[in-house]
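Asker: Sharing a structure below in structure tokens format, with a few things to ask.
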Amino acid sequence: MSFQSENRNITQKNDLLANKKIVWTLISLAVIWISTIIVSLFSPDLISGSQQEHLPLVGWTAWIWALLATAIVIRMVRERINYQLHYILSVSIIAIWIGVMLVSVFASPFVTGSDPTSLPIASIGAPLIGSLFTVMVWFLAKPPSN
């Protein structure tokens with residue numbers, strides 16, 4: 001009886017840790033996509049030409065980089081890593097994408113020319129850098145393959 005009870009406790013503990021991994025993964029994915037939506041809505045537009053046409057370039061490109069980060073987070077779940085490392089990875093990814101959101105929304109665009117062309121270089125580059133940092137975090141924590 002003692003062996004079965006101990007085995008059941010270990011199984012329950014493993015299930016609890018698996019559920020915590022899923023929760024942190026879902027939080028990471030939610031932060032990635034909420035920050036992408038905020039970036040798409042509130043980032044400065046590319047403004048060019050004598051008519052000052054507005055082009056929401058950041059809103060068009062941020063989704064691509066969020067998809068890459070989402071694929072990495074989902075792949076991270078499939079890796080056999082312990083709960084503490086998974087927690088650290090999730091918090092790192094959350095911090096990266098909050099930083100992406102802040103840089104994209106609050107960075108001032110580069111203005112040039114007599115017909116002022118406004119280029120939101122930081123806003124365009126932040127989601128790209130965020131997805132690259134997400135990949136880098138995953139590669140640094142990835143267990144070595146046999």
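The values are calculated or read from the model by the stated rules, or taken from the named source; none is laboratory data. Remember, it's a predicted structure, so these values are computed and weren't measured experimentally. Ideal geometry is used to build each Cβ from the backbone, glycine not excepted, and the neighbour counts take in all protein chains shown.
Asker: Quickly run through segment 49-75 and pick out the residues that are surrounded by fewer than 15 Cβ atoms within 10 Å (Cβ to Cβ) and aliphatic (A, V, I, L, M).
Answerer: LEU55, ILE64, LEU67, ALA71, ILE74, listed by residue number.
Asker: Tell me, please, whether a residue that is within 30 Å of LYS20 (Cα to Cα), in contact with a helix residue (DSSP H, G or I) (Cβ under 9 Å, 6 or more places away or on another chain) and at pLDDT below 95 can be found in segment 47-63.
Answerer: Yes - at least one qualifying residue is present in segment 47-63.
Asker: Would you point out the residue of segment 88-146, among those that are among the polar types (S, T, N, Q) and surrounded by 12 or more Cβ atoms within 10 Å (Cβ to Cβ), that is farthest from ARG78 (Cα to Cα)?
Answerer: THR117
Asker: Just checking, how many residues over segment 99-146 are closer than 16 Å to LEU57 by Cβ, touching a residue at least 40 places away in the same chain (Cβ under 8 Å), part of a helix (DSSP H, G or I) and of a type in the set (Gly, Ala, Ser)?
Answerer: 3
Asker: Name the residue, out of ALA30, ALA62, that is aliphatic (A, V, I, L, M) and either in contact with a His (Cβ under 6 Å, 6 or more places away or on another chain) or touching a residue at least 60 places away in the same chain (Cβ under 8 Å) (or both).
Answerer: Result of the check over ALA30, ALA62: ALA62.
To keep it simple, each residue is scored yes or no on (1) farther than 23 Å from TRP138 by Cβ; (2) in a loop (DSSP other than H, G, I, E, B).
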residue	(1), (2)
THR36	no, no
LEU41	yes, no
PRO44	yes, yes
GLY59	yes, no
ARG75	no, no
